[in-house]
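The values are calculated or read from the model by the stated rules, or taken from the named source; none is laboratory data. Everything quoted here is computed from the prediction, not taken from an experiment. When we count neighbours, we look across all protein chains shown, and the Cβ atoms used for this are built from the backbone with ideal geometry, even at glycine. Just the protein is used for accessible areas: all its heavy atoms, side chains included, with ligands, DNA and RNA removed. Shrake-Rupley method; radii C 1.70, N 1.55, O 1.52, S 1.80 Å.
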Amino acid sequence: KRTCLDLEMRAERVDEIQFAGKITEKIQSSIRLAQVVIADLTHQRPNVYYEVGYADALGKPLLLVAKNKSEIDFDLEGNKVLFYQNMATLNRKLRLALQALSGKQEDR
């Protein structure tokens, strides 16, 4: 979230917002409205794979991240995954990827 805020982008996690109704409907709505979907594949959570599949079906740009040494299920292992060691590494890699998606490159 910090990296997105630094780039003047709004980042939303459904578990951090208040809403009424079904969580699946809120997740789907948020993905439909998103300009880009960032998904952490670190713990092979089935819900994350569902969300990635939904976003992919909608043609949303995906940034897949995972902690170093994480196993990626076969259906996504052919995709580019930004592997990170710690939050500093994750923030740096996300910043570069988000800048590339937006067409904004910074000299840093």
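Key figures for this structure:
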| quantity | calculated |
| --- | --- |
| Subset of region 18-30 (residues that are in contact with a helix residue (DSSP H, G or I) (Cβ under 8 Å, 6 or more places away or on another chain) and surrounded by fewer than 13 Cβ atoms within 10 Å (Cβ to Cβ)) | Phe19, Ile23 |
| Selection status of Thr24, of a type in the set (Ser, Thr, Tyr), over 18 Å from Lys93 (Cα atoms) and either within 13 Å of the chain's Cα centre (by Cα) or in a helix (DSSP H, G or I) (or both) | yes |
| So Leu63, is it under 22 Å from Arg2 (Cα atoms), open to solvent by less than 90 Å² (accessible area, probe 1.4 Å), aliphatic (A, V, I, L, M) and modelled with pLDDT of 90 or more | yes |
| Within region 7-51, tally of residues that are over 27 Å from Gln85 (Cα atoms) and modelled with pLDDT of 85 or more | 11 |
| Residue match in region 66-79 (condition: under 13 Å from the mean Cα position of the chain (by Cα) and open to solvent by less than 40 Å² (accessible area, probe 1.4 Å)) | yes |
| Residue list for region 31-60, restricted to those being of a type in the set (Gly, Ala, Ser), crowded, with 17+ Cβ neighbours inside 10 Å and in a helix (DSSP H, G or I) | Ala55 |
| Residues of region 66-108 satisfying the condition of being charged (D, E, K, R), closer than 19 Å to Arg2 by Cβ and in a loop (DSSP other than H, G, I, E, B) | Lys104, Glu106, Arg108 |
| Odd one out for Lys69, checked against (1) on the phi > 0 side of the Ramachandran plot; (2) touching a residue at least 60 places away in the same chain (Cβ under 8 Å) | (2) |
| Among residues of region 1-15, those that are open to solvent by 100 Å² or more (accessible area, probe 1.4 Å) and either closer than 22 Å to Lys67 by Cβ or in a helix (DSSP H, G or I) (or both), counted | 5 |
